[in-house]
Amino acid sequence: MDNRIIITAAVTGSNPTKEMNPAVPYTPKEIAAAAVQCHKAGAAIAHIHVRDPNTGKPAFEKALFKEVLDRIRDRCDMLVNLTTSGLHLSGPDAIAQRLEPVSLKPDMCSLDLGSMNFRDRVFSNPPQWSREAAKCMAENGVKPEIEVFEPGHIRQAVDLVKGGMILPPPAFQLCMGVYWGIEASVESLLFMKNRLPDDCCWSVLGIGPAQLSMITMGILLGGHIRVGFEDNIYRKKGVLAESNAEMVDMAADLAVRLGREVATPAQAREILGLPY
Ligand code: ZN
């Protein structure tokens, strides 16, 4: 087992608001600053969504993604992973819009490949989307982070890997406890992990109160982990986290206590098979 562990910080997502936790970043400047702080605390990757700078509502403008990417790259060498989930986009142009962040050539982009109910809406990822997205990422030299919310998504990803659409090693993010994906339990995580292909990289996240138990399992099982406000805004029950970096710091401390070594961005590139 590679003892090194990659910590991803998902600093804003599209759900939490400043009303829920005043530290949730909205503007590109705030989002980039949060990511850089997380880098200092031990995160090798920043997973980025963007918000309307004034209202905080989920946004998907390429210019906002570009500003965040540029601001992070100006200040540190952490890997940047831009979302392509576009959960709030719809209509005939949705696929093209979802792929706009890929053209900015970040290090990674999230790749969702199964349709599902996602809280109060349908998260639509038809097969033509996942094939087109995988192709676009390969053409732009962007590594896909395959987000899986239930076991069927792993089967679809394996099919794309076998078809040569995703280059090895495939990188999975096991998303545990999203409403309405697989629940965040010890049994479910083991079930998901045991269905992954050999020689893949995998990371795990847990939603809300499941964050700590899921990342602890990830650390113990030799995986990588993700924390941050996208998944959870609390330090512990009833106590808000002061920053994303506080969560990264907690996760890094836990990983080290349990015998893992926190990967630098350069090490993360090597583990994920990215070019330098
Ligand atoms: Zn995301």
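The values are calculated or read from the model by the stated rules, or taken from the named source; none is laboratory data. This structure is a prediction, so every number in the text was calculated from the model and none was measured. Backbone-built Cβ (ideal geometry, glycine too); neighbour counts: all protein chains shown.
Scanning the range 78-99 for residues that are closer than 24 Å to Ala268 by Cβ and hydroxyl-bearing (Ser, Thr, Tyr) yields Thr83, Thr84, Ser85. Here Tyr234 does not qualify as modelled with pLDDT under 95, in contact with a strand residue (DSSP E or B) (Cβ under 9 Å, 6 or more places away or on another chain) and surrounded by fewer than 18 Cβ atoms within 10 Å (Cβ to Cβ). Of all residues in the range 211-223, those that are farther than 21 Å from Asn244 by Cα have Cβ atoms under 7 Å from Cβ atoms of residues that are part of a helix (DSSP H, G or I), 6 or more apart or on another chain, in Leu221/Lys193. Looking only at residues in the range 140-149 that are part of a loop (DSSP other than H, G, I, E, B) and without any contact (Cβ under 8 Å) to a residue 40 or more places away in the chain, the one that is nearest to the ligand (Cβ to nearest atom) is Phe149.
Condition check ((1) of a type in the set (D, E, K, R); (2) surrounded by fewer than 16 Cβ atoms within 10 Å (Cβ to Cβ)) across all residues:
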residue	(1), (2)
Cys38	no, no
Ala44	no, no
Asn54	no, yes
Arg71	yes, no
Asp93	yes, yes
Lys105	yes, yes
Leu113	no, no
Phe118	no, no
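Of the residues making up the range 7-27, those that are within 16 Å of the ligand (Cβ to nearest atom) and closer than 23 Å to Cys76 by Cβ are Ile7, Thr8, Ala9, Ala10, Val11, Thr12, Gly13, Val24, Pro25, Tyr26.
Filtered by the rule that a residue be of a type outside the set (Lys, Arg), away from the ligand (no atom under 12 Å from the Cβ), over 28 Å from Ala263 (Cα atoms) and in contact (Cβ under 8 Å) with a residue 40 or more places away in the chain, the range 89-132 gives Glu100, Gly114, Met116, Asn117.
Scanning the range 1-54 for residues that are of a type in the set (Ser, Thr, Tyr) and modelled with pLDDT under 95 yields a single hit, Ser14. None of Met165, Met137 is more than 28 Å from Thr216 (Cα to Cα), free of Cβ contacts under 8 Å to residues at least 40 places away in the same chain, touching a Cys at 6+ places or on another chain (Cβ under 7 Å) and not acidic (Asp, Glu) except Met137.
Highlighted here are the helices (runs of 4 or more DSSP H) found entirely within the range 160-276 that include at least 1 residues which are under 20 Å from Asp112 (Cβ atoms): 186-193, 211-220, 265-272.
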